[in-house]
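The values are calculated or read from the model by the stated rules, or taken from the named source; none is laboratory data. These numbers come from a predicted model, not from an experiment. Every residue, glycine among them, receives a Cβ derived from its backbone with ideal geometry; neighbour counts consider all protein chains shown.
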Amino acid sequence: MDRKHVDDWLAAYEQAWRTPGTAGLVTLFTEDASYQQGPYWTPVVGLPAIARMWEAQRRGPDEVFQMTREIVAVDGDTAVSRQEVRYGDPVDQEYRDLWVMRFADDGRCRSFEEWPFWPEQQPANPDVDGDASPS
């Protein structure tokens, strides 16, 4: 696994999200892949279940969003990337997200784990003494 493969996979993921239907998922995920939408969420397992989840989660292939990405690390079959996604025009929802991906020998993802964060979720900024508790 190398950075170019991961970058190509991330571009294909975004393109699949923007494309009607879920037929493109077969090129991204193995048949038995697991997809975990948050660190404590129950994984969605298997390509048919991932396809149902995608259709339920997105507003549709025409939804307006901008996505930027940065590959943080690639080690063996595992990669980590940081995404920033802004939905709407004007923006009405945004996320910063870490993705942990484990790839099969054929280059498809066999395990996908998200660590999403959004503005309302963040704790208060610490004060000058480093204390994040309310005054």
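When we screen GLU14, GLU70 for residues that are over 23 Å from ALA104 (Cβ atoms) and out of contact with any helix residue (DSSP H, G or I) (no Cβ under 9 Å at 6 or more places or on another chain), the only hit is GLU70. Restricting attention to the range 1-36 and to residues that are part of a helix (DSSP H, G or I) and aromatic (Phe, Trp, Tyr), the residue that is surrounded by the fewest Cβ atoms within 10 Å (Cβ to Cβ) turns out to be TRP17. Does any residue of the range 97-120 turn out to be modelled with pLDDT under 95, under 22 Å from PRO20 (Cβ atoms) and not β-branched (Val, Ile, Thr)? Scanning the range 97-120 turns up no residue that is modelled with pLDDT under 95, under 22 Å from PRO20 (Cβ atoms) and not β-branched (Val, Ile, Thr). Just to be sure, is ARG108 of a type outside the set (A, V, I, L, M, F, W, C) and under 13 Å from the mean Cα position of the chain (by Cα)? In short, no.
Against the numbered list (1) free of Cβ contacts under 8 Å to residues at least 24 places away in the same chain; (2) aromatic (Phe, Trp, Tyr); (3) over 27 Å from LYS4 (Cβ atoms); (4) part of a strand (DSSP E or B), TYR87 comes up short only at (1).
Among the residues of the range 6-27, those identified as of a type outside the set (Asp, Glu) and within 20 Å of GLU84 (Cα to Cα) are VAL6, TRP9, LEU10, ALA11, ALA12, TYR13, GLN15, ALA16, TRP17, ARG18, THR19.
With respect to the conditions (1) part of a strand (DSSP E or B); (2) over 14 Å from the mean Cα position of the chain (by Cα); (3) under 19 Å from GLU14 (Cβ atoms); (4) not hydrophobic (A, V, I, L, M, F, W, C), TYR95 falls short on a single one, namely (2).
Per-residue answers, yes or no, for (1) under 14 Å from TYR13 (Cβ atoms); (2) not aliphatic (A, V, I, L, M):
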| site | (1), (2) |
| --- | --- |
| VAL45 | no, no |
| ALA49 | no, no |
| GLU63 | no, yes |
| THR78 | no, yes |
| VAL91 | no, no |
| CYS109 | yes, yes |
